[in-house]
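Below is one structure; the comments refer to it alone.
The values are calculated or read from the model by the stated rules, or taken from the named source; none is laboratory data. As the structure is a prediction and not an experimental result, all values here were calculated from the model. Methodologically, a virtual Cβ is constructed for each residue, glycine included, from the backbone with ideal geometry; neighbour enumeration extends over all protein chains shown. Ligands, DNA and RNA are stripped out before the accessible areas are found, and what is left, the full protein with its side chains, is counted by its heavy atoms. Shrake-Rupley method; radii C 1.70, N 1.55, O 1.52, S 1.80 Å.
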Amino acid sequence: MPRNPPAGVRVTSPVPRALWWELLGRDGGALVTQTPTWLDCLCEAWPLEDASRLYRFDGGRRILVPLVRHRRRATRLLAEESWPGWGVGGALVPDGAPDLRQARAVLEDLAHRPAVRVAVRFSPRASPVWGEAAPGAFAAYDRTTFLLDLDGGFEEVWARRFHARVRRGVRQAERAGVEVEVDRTGRLVPLFQRLYRESVERWAAQQHEPPALARWRHRREEPPRLLEAVAERFGPSCAIWLARCGGEPAAAIVVLRHGDHTKYWRGAMDRALANPVRANHLLHRLAVEDACAAGSRCYDMGDARPDSSLAEFKESFGARAVRNPAYYRERLPLTAADRRMRGAVKRVIGFRDA
């Protein structure tokens, strides 16, 4: 049941935007997906609202936890999340890591929220104190993020972090005449959406999934409106890199930026056009160079299952695997029921994980 915060802690919810931006500027590890802009994009794509919480401790420490919940009255108490399923959220902590007592106070407060489910996924750049502080009410499930260190600039990254096969792939794409354009206005959103729909069809075939089910699932998990909102709200901080082969769209990636954090968010391609000329190698090479020029210290390549082909692709650019589990507390076994249902459907259709 909900309870008052511990003694010496005051809570404000939702967090005033001006204060949120101030605290973001003082957290050197802040991510694109911890900004109010990201929250606003989520609230445009799904029926969600801001439920962020600011913790003020005696002594001056402030910790901000981005949270969303359903805005429809009938489902408002279903879940509060930060924000597994919608990217990495977790706590913003200006001026250094919290101590164990402070981290435990935040998580205890979250554990006692009235929602049926409370979930939080901490940044791969966050202090390990959060894992140490997680109370027994929270279960953890593993996630692995791949981060490319950009310290030293692009020449250092190109020569010492990119694998030789990545450099060969880039040169192959250049010899093949792959043309690349970058858009920071949202103009290329429709072309990306088209490539993404084609990718969904390909993934469905690989996984032995009925195309109609795959389209429905991806629309539910990532509505087209999400990319539109991201392009509109992030503006120049959202770059769509598009590769053309013989004048035809072959591959595209969406890259977001905040502070010293650049994030590869989404990708799509026409495999028949992109793979033979290594178009994706060239796209990421240009995006990494652009991130270095902008002063970024990290190129976040997102999640992948360890030992998968996707993980191998990200590691070939020099990205290192960082384990950053998500934590959730449930009053009803929603996660277990969802996994059982998904497993049953997969068995019926003969689903194969790609």
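Between VAL11 and ARG167, what's the calculated FRET efficiency when r is the beta-carbon distance and R0 is 56 Å? Round to 0.05.
Values: r = 51 Å, r/R0 = 0.91.
In this case the efficiency is close to 0.65.
Once you list every other residue whose beta carbon is under 13 Å from the beta carbon of HIS70, what net charge do they have if Lys and Arg are +1 and Asp and Glu are -1?
Numbers: positive: ARG69, ARG71, ARG72, ARG73, ARG76, ARG117; negative: GLU49, ASP50, GLU80, GLU81.
Once positives and negatives cancel, what remains is +2.
Label segment 180-335 by shape, choosing from rounded, prolate and oblate, from the square roots a ≥ b ≥ c of the eigenvalues of the Cα gyration tensor; if a/c is under 1.5 it is rounded, and otherwise prolate applies when a/b is larger than b/c, oblate when it is not.
Verdict is rounded for segment 180-335.
For the pair LEU19 and HIS208, how long in nm is the line joining their label points, each one 7 Å along Cα→Cβ?
That separation, rounded to one decimal, is 5.4 nm.
About the Cα centre of the chain, what is the dipole size in debye to 20, counting +1 per Lys and Arg Cβ and -1 per Asp and Glu Cβ, all else neutral? Don't skip to the end; give the middle numbers.
Values: 58 positive and 43 negative charges, 210 e Å.
I would put it at about 1000 debye.
Can you work out ³J(HN,Hα) from phi for every residue in segment 259-271, in order, using Karplus 6.51 cos²θ - 1.76 cosθ + 1.60 and θ = phi - 60°, giving whole Hz and x for Gly and Pro?
Result, rounded to whole Hz: x, 9, 10, 10, 10, 6, 9, 9, x, 7, 7, 9, 4.
Let's test the formula: R0 of 41 Å, r as the Cβ-Cβ distance of ASP260 and ARG215. What FRET efficiency results, to the nearest 0.05?
Working: r = 37 Å, r/R0 = 0.90.
Efficiency for this residue pair is about 0.65.
Counting only protein heavy atoms, what percent of the accessible surface of the chain is carbon or sulfur at a 1.4 Å probe? If you can, show how the numbers build up before the last one.
On the way: 8270 of 16260 Å².
Reported share for carbon and sulfur atoms: 51 percent.
Two decimals is fine: what is log10 I(q)/I(0) at q = 0.30 Å⁻¹ for segment 108-151, from a Debye sum with one equal scatterer on every Cα and no solvent?
Evaluating at q = 0.30 Å⁻¹ gives log10 I(q)/I(0) of -1.32.
In a shell of Cβ-Cβ distance under 13 Å around ARG323, excluding ARG323 itself, what net charge do Lys and Arg (+1) and Asp and Glu (-1) give? Mind dumping the intermediate values first?
Numbers: positive: ARG121, ARG125, ARG143, ARG305, ARG320; negative: ASP142, ASP303.
Result for the local shell: +3.
Using only Cα positions of segment 108-215, each an equal point scatterer, no hydration layer, compute I(q)/I(0) via Debye at q = 0.18 Å⁻¹ and quote the log10 values to two decimals.
Debye curve over Cα of segment 108-215, log10 I(q)/I(0) at q = 0.18 Å⁻¹: -1.11.
Note the full-extension length gain between ALA321 and ARG225 as 0.36 nm times their separation in residues minus their Cα-Cα distance, in nm to one decimal.
Details: separation 96, 0.36 × 96 = 34.56 nm, distance 3.04 nm.
Additional length available on full extension: 31.5 nm.
Starting from 0.36 nm per residue, how many nanometres of slack lie between ARG160 and TYR141 once their C-alpha separation is accounted for? Mind dumping the intermediate values first?
Numbers: separation 19, 0.36 × 19 = 6.84 nm, distance 3.31 nm.
Net length gain for the segment: 3.5 nm.
Can you find, among ALA176, ALA243, VAL166, the residue sitting farthest towards the positive end of the charge dipole of segment 152-259, where Lys and Arg contribute +1 and Asp and Glu -1 at Cβ?
VAL166
Stokes-Einstein D for segment 22-93 at 4 °C, 1.567 mPa s, Kirkwood Rh over Cα pairs, in µm²/s? Could you put the intermediate results ahead of the total?
On the way: Rh = 12.8 Å.
The estimated diffusion coefficient comes to 101 µm²/s.
Expressed in nm to one decimal, what extension gain is obtained for the pair ARG187 and LEU78 from 0.36 nm per residue of sequence separation less their Cα-Cα distance?
Working: separation 109, 0.36 × 109 = 39.24 nm, distance 3.67 nm.
That pair, ARG187 and LEU78, stretches by 35.6 nm at full extension.
Per residue of segment 238-251, what does 6.51 cos²θ - 1.76 cosθ + 1.60 with θ = phi - 60° give for ³J(HN,Hα)? Whole Hz please, x for Gly and Pro, Karplus curve as stated.
10, 10, 10, 9, 10, 9, 10, 10, x, x, 9, x, 10, 7
How big is the chain in terms of Cα radius of gyration and Dmax, in angstroms?
Spelled out, the Cα radius of gyration and Dmax of the chain are 20.9, 66 Å.
More than 14 angstrom separation, counting every C-alpha pair in segment 178-269; what % is that? Could the numbers behind the result be given before it?
Values: 2771 of 4186 pairs.
The calculated P(r) of segment 178-269 puts 66 percent of pairs beyond 14 Å.
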